[in-house]
Amino acid sequence: MQVRLLHGVLKVKNLRPTATRYRGTHIALRASQVPGMSSLESTSPLPGSSGPTKSSAPSRGFFAIYKRGQGYWTRLGTAIGLGVIFAFIGSFIYRESAALVQDTNIRLGVTSGFAVFAGLAIWWLVNGTRRCQFLIDTDAEMKKVNWSTWSQLVGATRIVVIFMIAIAVMLFAFDVIYQLFFYVIDIWKISPLEMFGGSPTPAE
């Protein structure tokens, strides 16, 4: 009843509330907008609303897995690829630091520290909200791909191999014909037999 009365007053006075949460339960007005009223609060939800809603999602811990079980293989493959890259970098640091530090324990300590940093960086890159959602969406799109069957793959590979061999034979034949032609008209001084390991043509 209070909510309907409030909307009627606003419609007559042509006023605009300073703060209105249509999906929430709280309506606040300045005292100057409605004569005789310092403030008005309504704790009953507006028609069509489902009650109070949270304005922001709850914060997630750093080590909490985002959407566990979704995009498993895409996330795992990305983590393995990043791990290989960081492993090469760590190996490079350990190998090249020998010129600066002779103590093996110090080099191992620096490399171990880098390994810890790399592990945290991989977790942050793979488990971040936006990046992880991208990997999940990628995994979902990959599941929509219609992969070829084994027989289709063998047939397509056979066609490609035959076509490549035919092109190679045709180019080789044209190359030999052009060499022979230029040798006959005395532009090319080396006979085709010499180019393929044959005995040189005796000079006249």
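Descriptive notes on the structure:
- Checked against the criteria, Val176 does not count as surrounded by fewer than 11 Cβ atoms within 10 Å (Cβ to Cβ) and more than 30 Å from Phe92 (Cβ to Cβ).
- Identity of the residue in region 54-77, surrounded by 10 or more Cβ atoms within 10 Å (Cβ to Cβ) and polar (S, T, N, Q), that ends up modelled with the highest pLDDT: Thr74
- Restricting region 79-104 to residues that are aromatic (Phe, Trp, Tyr) and surrounded by 14 or more Cβ atoms within 10 Å (Cβ to Cβ), the residue that is nearest to Cys132 (Cα to Cα) is Phe86.
- Qualifying residue in region 142-149 (condition: in contact (Cβ under 8 Å) with a residue 60 or more places away in the chain and within 32 Å of the chain's Cα centre (by Cα)): yes
- Filter result for Thr111 (under 13 Å from the mean Cα position of the chain (by Cα), modelled with pLDDT of 90 or more and of a type in the set (S, T, N, Q)): no
Residues checked against (1) surrounded by 10 or more Cβ atoms within 10 Å (Cβ to Cβ); (2) under 30 Å from Gly71 (Cβ atoms); (3) at pLDDT below 90:
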{"site": "Asn146", "(1), (2), (3)": "no, yes, yes"}
{"site": "Trp150", "(1), (2), (3)": "no, yes, no"}
{"site": "Leu153", "(1), (2), (3)": "yes, yes, no"}
{"site": "Ile162", "(1), (2), (3)": "yes, no, no"}
{"site": "Met170", "(1), (2), (3)": "yes, no, no"}
{"site": "Leu180", "(1), (2), (3)": "yes, no, yes"}
{"site": "Lys189", "(1), (2), (3)": "no, no, yes"}
{"site": "Leu193", "(1), (2), (3)": "yes, no, yes"}
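- Inside region 146-200, residues that are in a loop (DSSP other than H, G, I, E, B) and β-branched (Val, Ile, Thr) make up a count of 4.
The values are calculated or read from the model by the stated rules, or taken from the named source; none is laboratory data. It should be emphasised that the depicted structure is a prediction, and the values quoted were computed from it without experimental measurement. Every residue, glycine among them, receives a Cβ derived from its backbone with ideal geometry; neighbour counts consider all protein chains shown.
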